Amino acid sequence: MAIRLGDEAPDFTADTTEGTISFHDYLGDSWGVLFSHPKDFTPVCTTELGAFSAAKAEFDKRNAKLIGLSVDDVESHGKWAGDIEETQGTALNFPLIGDEDRKVADLYDMIHPNANDTLTVRSVFIVGPDKKVKLTLTYPASTGRNVTEVLRVLDSLQLTSDYKVATPVNWTDGQDVIVVPALSDEEATERFPKGFTALKPYLRVTPQPNK
Ligand code: BEZ
């Protein structure tokens, strides 16, 4: 069954390029980004793994751990890692799950048979420190993901979690945010010392609270 927002992220134990990992233990108190790659030695995946590796410090800053998956075995991943470093200029620096039996891909519904019945789509699951799924994204194999967007979403999710704010269309870090409708004006005044502007009673904006 498809994994939905708010579900507990299914736990699993799997071989990875960094040894055997139990997913929940690996995450510990961190946020997690689990993302699937259709297959080893494929061009789009090669660019993605290079770009996510290059951005690892940004994920570290957000207390978020990366873990990739591809439906080949760890030995194959090891060989592919050499190509990733050679062509993308950055070595793979987070674990890549060997999922030749599709165990994790099936658990996370990463194979969409009407797209391809053996390869995964490009799934992204962002998991909170409470192990609940906070975001899912699904791209086709032909479209590489956008690292900046994954970081942007993490920033938004973390703001919501820490400050009870939402983020508007095209928001990026540092811009004004939205006071969630669940807060009364009185609660918002208390919670946001910089004040808020009510464009409509339901549309209230406030400076980003952690800036
Ligand atoms: C790729 O990563 O380039 C790719 C993988 C599977 C199908 C199409 C493209």
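Here are the numbers for this structure:
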| read-out | value |
| --- | --- |
| Close pairs from segment 3-25: first open to solvent by 80 Å² or more (accessible area, probe 1.4 Å), partner modelled with pLDDT of 95 or more and β-branched (Val, Ile, Thr), Cβ under 7 Å, at least 6 apart | 5/133; 5/136; 15/74; 20/13 |
| Subset of segment 39-92 (residues that are small (Gly, Ala, Ser) and in a helix (DSSP H, G or I)) | 50, 51, 53, 54, 57, 76, 78, 81, 82 |
| Flag for residue 13 being among the β-branched types (Val, Ile, Thr), under 26 Å from residue 129 (Cα atoms) and away from the ligand (no atom under 16 Å from the Cβ) | yes |
| For residue 143: the one exception among (1) away from the ligand (no atom under 13 Å from the Cβ); (2) surrounded by fewer than 18 Cβ atoms within 10 Å (Cβ to Cβ); (3) of a type outside the set (Gly, Ala, Ser) | (1) |
| Those residues of segment 146-168 which are out of contact with any helix residue (DSSP H, G or I) (no Cβ under 6 Å at 6 or more places or on another chain), under 17 Å from residue 50 (Cβ atoms) and touching a residue at least 24 places away in the same chain (Cβ under 8 Å), in sequence order | 150 |
| Residues of segment 146-193 satisfying the condition of being open to solvent by less than 40 Å² (accessible area, probe 1.4 Å), assigned to a helix (DSSP H, G or I) and over 16 Å from residue 64 (Cβ atoms) | 188 |
| Residues being touching a helix residue (DSSP H, G or I) at 6+ places or on another chain (Cβ under 7 Å), more than 30 Å from residue 159 (Cβ to Cβ), of a type outside the set (Ser, Thr, Tyr) and open to solvent by less than 60 Å² (accessible area, probe 1.4 Å) - total across segment 52-105 | 5 |
| Any hit, segment 52-64, residues being more than 17 Å from the chain's Cα centre (by Cα) and either within 16 Å of the ligand (Cβ to nearest atom) or under 21 Å from residue 142 (Cα atoms) (or both) | no |
| Search result, residues across segment 106-122 that are open to solvent by less than 60 Å² (accessible area, probe 1.4 Å) and outside any loop (DSSP other than H, G, I, E, B) | 122 |
| Residue list for segment 65-83, restricted to those being farther than 17 Å from residue 125 by Cβ, away from the ligand (no atom under 16 Å from the Cβ) and touching a strand residue (DSSP E or B) at 6+ places or on another chain (Cβ under 7 Å) | 73, 74 |
| Residue under evaluation residue 36, criteria (1) within 13 Å of the ligand (Cβ to nearest atom); (2) small (Gly, Ala, Ser); (3) part of a helix (DSSP H, G or I), criterion not met | (3) |
| Subset of segment 36-51 [in contact (Cβ under 8 Å) with a residue 60 or more places away in the chain and open to solvent by 60 Å² or more (accessible area, probe 1.4 Å)] | 39, 47 |
| Hits in segment 181-196 - residues which are in contact with a Ser or Thr (Cβ under 8 Å, 6 or more places away or on another chain) and over 15 Å from residue 166 (Cβ atoms) | 194, 195 |
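Residue-by-condition table, conditions (1) away from the ligand (no atom under 16 Å from the Cβ); (2) outside the structural domain of residue 50 (by TED's automatic domain parsing); (3) in contact with a Phe, Trp or Tyr (Cβ under 8 Å, 6 or more places away or on another chain):
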{"residue": "94", "(1), (2), (3)": "yes, no, yes"}
{"residue": "102", "(1), (2), (3)": "no, no, no"}
{"residue": "113", "(1), (2), (3)": "no, no, no"}
{"residue": "118", "(1), (2), (3)": "no, no, no"}
{"residue": "124", "(1), (2), (3)": "no, no, yes"}
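The values are calculated or read from the model by the stated rules, or taken from the named source; none is laboratory data. It should be emphasised that the depicted structure is a prediction, and the values quoted were computed from it without experimental measurement. Virtual Cβ from ideal backbone geometry, glycine too; neighbours counted across all protein chains shown. Note: accessible area is taken over every heavy atom of the protein model, side chains too, but ligands, DNA and RNA are not part of it. Shrake-Rupley method; radii C 1.70, N 1.55, O 1.52, S 1.80 Å.
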